[in-house]
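Read the structure below first, then the notes.
The values are calculated or read from the model by the stated rules, or taken from the named source; none is laboratory data. For clarity, every value in this text was computed on a predicted model and none was experimentally measured. All Cβ positions, glycine included, derive from the backbone under ideal geometry; neighbour counts span all protein chains shown. In case anyone asks, the SASA skips ligands and DNA or RNA and just uses the protein heavy atoms, side chains included. Shrake-Rupley method; radii C 1.70, N 1.55, O 1.52, S 1.80 Å.
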Amino acid sequence: MSKNFSPRAWAVFLLVVAADVLDLLSTTVTNVAAPTIVRELGASSSLVPWLGASYTLAMGSLMIVGGRLGDRFGCRRLFLIGLAGFTLCSLTAATATTSFVLVASRAGQGVFGGLLIPQGFILLMRVIPRESMGTVSGLFGPLIAVSSISGPVVAGLLIEADPFGLSWRSVFLLNVLFGVLILAVGRKAIPRFGGDASVRVRPGAALTLMAGLGLLLAGLVDGGASEWTNRAVTATTAGAVVLAAFGWQQARTRRPLLERSLFTNRGFVAGLVFGALFFGTVTGTMYVTTLYLQQRLGLSPFHAALVTAPVSVGIIAASFTARSRIVSHGRGVVSIGVLLFASGIIGMTVVIGAERPPVPLISVPLFVAGLGMGCCFGAVFAVALGDVNPAQAGSASGVLNAVQQIVNAAGSAVVSTVYLATATPSGPSSGVLPCLLLTLAITAACAMSIPLLPRRGARVH
């Protein structure tokens, strides 16, 4: 990687990747495990979206504040505190006997994840030479993609194997095992970095931001879980109003919660907007696809995970292929990615809409869609983070990760609303086809925003 890349830097890099993998596993496994959890707890189907949304809602609400807390109190301290709390909440989830305890545990995972994940970029900026950061960024995509394959497949395999009669609980116990191992290594491998006492996290601004995001996401998820009742509409509207008030106040204060200079960086803003659109539609589409395979086609969790695994295979293949071309052809890589993703979604629409059974043919367009995702994921973040300096690291990491978590929850909520509103008992494809058409419409909006991106991918130096 680099002659100046020390063994300790390697260790920190792998720890940061492991923490991100832990987050990704927690995000994706409930899509596979949700039907089994609902059945064994005797809960209503409205629990399904909340299993994922309670996690992403809590994490998205705290992510930006988590980045600033790392700047203030030290990234190592916040990384270890977040990891310890995340592991403990995973254990609570594994032993939950009611829906309330399980959802509360998932929210706890999100809270501590909101402290944990933003510290990763700060740690890398501290221990890795600047000339090596571009290579490091390129390695993230393939490594994370491996976990996106293994996570759902392992979850499905554990549920089907039912070790020691644990069923879905073994999925959360796996998180506990990983968390303990990462914590043990992290305490020895991560250097002690002090915080910056001059950084101020104003409680009023932080609580306002968290309340606004929480209300907005809760309303979207509540509406997507069942129907758009007055409660869901009120929560969504209240969240939007609170966030608008937060933005107005932050534009006028001398000490904003977010670094204003980030939003004068064209690459960061363009990548942020594109990423919000793309990540939201990708998450929503994969969520509904998993539900469709299990609830409408009757596949087992393990079989459903295997059918969707080609998505991650495509992500890995594209990530390795496009990695060396992001710097010189950033916009071109993104354009190819959007084209491939749209082609995959069109292929899914044709396969699902045909009279013949869609399995296993659907795996082919899923692979093509995965190729598109792999092209876009690494390129968009390279653009967004390319010109970020160390003083902006906490805010930049917090903003990007928060936006990703927020649009993950929002995307799942919006697409599931369409799925529930259009699904009929007589037509197994009736719910998923409108969702795929919505995905194509949002992908078209992504394509229209590509000219706003820099022609080349930015180097991190």
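Select, from V127, V101, the only residue that is without any contact (Cβ under 8 Å) to a residue 12 or more places away in the chain and either open to solvent by less than 10 Å² (accessible area, probe 1.4 Å) or touching a helix residue (DSSP H, G or I) at 6+ places or on another chain (Cβ under 9 Å) (or both).
The conditions single out V101.
Output the number of residues of the range 63-98 satisfying the condition of being open to solvent by 50 Å² or more (accessible area, probe 1.4 Å) and not hydroxyl-bearing (S, T, Y).
6
If I ask for residues that are closer than 30 Å to P35 by Cβ and aromatic (F, W, Y), which ones from the range 266-324 would you list?
Selection gives F278, F279, Y287, Y292, F302.
Please work out if A369 is in contact with a Phe, Trp or Tyr (Cβ under 7 Å, 6 or more places away or on another chain), within 30 Å of A421 (Cβ to Cβ), open to solvent by less than 30 Å² (accessible area, probe 1.4 Å) and hydrophobic (A, V, I, L, M, F, W, C).
yes
Say we look at the range 308-333 and pick out the residues that are assigned to a loop (DSSP other than H, G, I, E, B) and within 15 Å of V380 (Cβ to Cβ); which of these is least open to solvent (accessible area, probe 1.4 Å)?
If we take residues in the range 308-333 being assigned to a loop (DSSP other than H, G, I, E, B) and within 15 Å of V380 (Cβ to Cβ), then I326 is least open to solvent (accessible area, probe 1.4 Å).
Under the condition of being in contact (Cβ under 8 Å) with a residue 60 or more places away in the chain and open to solvent by 10 Å² or more (accessible area, probe 1.4 Å), which residue from the range 268-279 is nearest to R331 (Cα to Cα)?
Among those residues, the one meeting the criterion is A270.
Inspect the range 64-83 for any residue being outside any helix (DSSP H, G or I) and over 17 Å from the mean Cα position of the chain (by Cα) and give the result as yes or no.
Yes, the range 64-83 contains a residue that is outside any helix (DSSP H, G or I) and over 17 Å from the mean Cα position of the chain (by Cα).
Among all residue pairs at least 6 apart or on different chains, which show Cβ distances below 8 Å where the first residue, located in the range 158-181, is closer than 26 Å to V16 by Cα and the second is among the hydroxyl-bearing types (S, T, Y) and open to solvent by 50 Å² or more (accessible area, probe 1.4 Å)?
R169/T95
How many of the residues in the range 334-366 are small (G, A, S) and open to solvent by 30 Å² or more (accessible area, probe 1.4 Å)?
Number of matching residues: 4.
Do we find a residue being at pLDDT below 70 and under 17 Å from the mean Cα position of the chain (by Cα) anywhere in the range 363-380?
yes
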